[in-house]
Amino acid sequence: RAPAAERYKLLGCTNEMEFRNGRGNFVLSSPDLVNWQRIPDARWHNVGTEPITSCFWNEAQQAYTVLLRPQAGERRVGWSLTTDFRAFTKPQFCLQCDPEDEPLAELYGAFGFAYDGWHLAMPLLFGGQPSEMRGKGRMGTMTPQLAYSMNGLNFQRVFHRPFLDGGDPSLVALTG
């Protein structure tokens, strides 16, 4: 769906201070995954966000859906639309943790793609850390779950358990 000279896109970001002020994100394009060129003035997020970010063609919206965090540091998943990778809509919320998740669980973004008329996503859930929280991120695991959508904007998680996991739960708990 893209011109041959801009077949591939890279949604990038720079250091945290630029990022949080909405200046640190940029878009690169490439015809061959070797030679890259910055798309002037393209900003894929209006206030700054963090990875994990993914993008897919959304037939229902006739635009590309970018799955991202709605705000910097926000532990929910959102979306933004673009038709040309130069202008992007304001990020909107689409997934968050809920009462079926374990205490202190957080979503860290999602990978999304279109498949056979459906839009699928693998939101990354961070959980399993001790409840006393003596340093977030020291313990716990990141696991992808499965979510689906008919319109590529409103997603629902299927089972609230890992779609792919790291193996035996006691081994994962022991090694992180």
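Each reported figure results from applying straightforward, stated rules to the coordinates on display, with no laboratory input. What you see is a predicted model, and the numbers here were worked out from it, not measured in a lab. Note that we place each Cβ from the backbone using ideal geometry, even for glycine, and neighbour counts take in every protein chain shown.
What the table shows:
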{"item": "Proximal charge balance of ARG157 [Cβ under 10 Å; K/R count +1, D/E count -1]", "result": "-2"}
{"item": "Kirkwood Rh in Å, taken over all unlike Cα pairs in the stretch 47-95", "result": "10.8"}
{"item": "Computed log₁₀ I(q)/I(0) - Debye formula, equal Cα scatterers, no solvent, the stretch 22-128, q 0.15, 0.16, 0.19, 0.20 Å⁻¹", "result": "-0.67, -0.75, -1.00, -1.08"}
{"item": "Label point distance in nm, LEU164-VAL34, each placed 7 Å from Cα along Cα→Cβ", "result": "2.9"}
